[in-house]
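Okay, so here's the structure we're looking at.
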Amino acid sequence: MATFTKLFVTLSIFSLLACSTNAQLVNNFYGRTCPSLQTIVRREMANAIKTEARIGASILRLFFHDCFVNGCDGSILLDDTATFTGEKNAAPNKNSARGFEVIDTIKTSVEASCNATVSCADILALAARDGVFLLGGPTWVVPLGRRDARTASQSAANSQIPSPFSDLSTLTKMFTDKGLTASDLTVLSGAHTIGQGECQFFRNRIYNETNIDTNFATLRKLNCPLSGGDTNLAPLDTLTPTNFDNNYYKNLVASKGLFHSDQALFNNGSQDNLVRSYSTNGATFRRDFAVAMVKLSKINPLTGTNGEIRKNCRLVN
């Protein structure tokens, strides 16, 4: 009997550990441990966007790039050190990923209210949602409970983050590799209704591609010469660059996608009908975008006893 009891207790402990390690994200994870979390994040994001509307797009991009490299684990926030190589200097992020100081500010405010409780990965997920909402987009319930990675992968960031030069087949594969569909690709690309792109990433499109409105190409050439000006900026959505709406899709239908990867969604391919639908139905786009963002946010999170709760989002504890 004693042996059976000992075995039962041992198995129970292992079961509890397994449940903890494989815990799922939940909608109100910090309801008791940090009830002010979402108010703090919303307040700090509102302050940041009031200072610079573009920052909402920058934070959203950080979240995408985080989730596409080993899951939504806050690894993109880690700085390089003498003994650690992060993802900030990977090609898709170097000199273009921005908004880290906003995440730092939010983390400091959250720590003042709920010390050593909320992960940087969850803060980034909430900040991305709030940035979209504050710029006129939809809102959604963010599943929470992510923990922060102790590692990062510059090589994975270089190979797994979609490129602005990619064609539809490459984009589709990169999304399906993450458990996302071609429809998810099309609706999540609608994030390009806000933000700006650098000349080096659209120069070839405006000078050499034919599936582009000539007046649009001429306009973009004014700020993007054939040589030089690599970091000159242009809005991803020429109509309402700081409003989260469905004008991105109207641009695609009019052959005014800024990146090759944007126009690839509407170029006599499998996504044409969905792009056309979103261009005429903003409500459907908003609904589908919110659903897809929740799906994106669930890519390979660290939960339970995996990872850690970083004290400083830039450094492993």
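Would you check which residues across segment 223-268 are in contact with a strand residue (DSSP E or B) (Cβ under 8 Å, 6 or more places away or on another chain) and not acidic (Asp, Glu) and list them? 223, 224, 231, 232, 233, 234, 235, 236, 241, 258, 259, listed by residue number. Within segment 46-59, residues that are among the basic types (Lys, Arg) sit with their Cβ atoms under 8 Å from residues that are open to solvent by less than 20 Å² (accessible area, probe 1.4 Å), at 6+ positions apart or across chains, in these pairs: 54/194; 54/195. Residues in segment 240-253 include at least one that is under 16 Å from residue 167 (Cα atoms) and crowded, with 20+ Cβ neighbours inside 10 Å. Residue 109 - would you say it is in contact with a strand residue (DSSP E or B) (Cβ under 8 Å, 6 or more places away or on another chain) and among the hydroxyl-bearing types (Ser, Thr, Tyr)? So residue 109 fails the test.
Could you check, for segment 197-217, whether at least one of its residues is free of Cβ contacts under 8 Å to residues at least 12 places away in the same chain, part of a loop (DSSP other than H, G, I, E, B) and surrounded by fewer than 21 Cβ atoms within 10 Å (Cβ to Cβ)? Yes, that holds for at least one residue. Residue 163: in contact with a Gly (Cβ under 7 Å, 6 or more places away or on another chain) and either open to solvent by 10 Å² or more (accessible area, probe 1.4 Å) or closer than 26 Å to residue 85 by Cα (or both), yes or no? Judged against the criteria, residue 163 is not a match.
If you go through segment 106-135 and keep only what is open to solvent by less than 10 Å² (accessible area, probe 1.4 Å) and under 14 Å from residue 58 (Cβ atoms), you end up with 106, 124, 127, 128, 130, 131, 132. If you go through segment 269-317 and pick out every residue that is outside any helix (DSSP H, G or I), within 18 Å of residue 192 (Cα to Cα) and open to solvent by less than 50 Å² (accessible area, probe 1.4 Å), you end up with 1. Looking at segment 79-96, can you tell me whether even one residue there is of a type outside the set (S, T, N, Q), at pLDDT 95 or above, under 21 Å from residue 315 (Cα atoms) and assigned to a helix (DSSP H, G or I)? No, segment 79-96 contains no residue that is of a type outside the set (S, T, N, Q), at pLDDT 95 or above, under 21 Å from residue 315 (Cα atoms) and assigned to a helix (DSSP H, G or I).
Just give me the residues in segment 151-187 being of a type in the set (Phe, Trp, Tyr) and in a helix (DSSP H, G or I), in sequence order.
Once the filter is applied, which keeps residues that are of a type in the set (Phe, Trp, Tyr) and in a helix (DSSP H, G or I), segment 151-187 yields only 175.
Which of the residues that make up segment 139-150 are open to solvent by less than 10 Å² (accessible area, probe 1.4 Å) and in a loop (DSSP other than H, G, I, E, B)? Result: 142, 143, 145, 146, 149.
The values are calculated or read from the model by the stated rules, or taken from the named source; none is laboratory data. In this text the structure is predicted, and so the values were computed from the model without any measurement. We place every Cβ from the backbone using ideal geometry, glycine too, and count neighbours over all the protein chains shown. Just the protein is used for accessible areas: all its heavy atoms, side chains included, with ligands, DNA and RNA removed. Shrake-Rupley method; radii C 1.70, N 1.55, O 1.52, S 1.80 Å.
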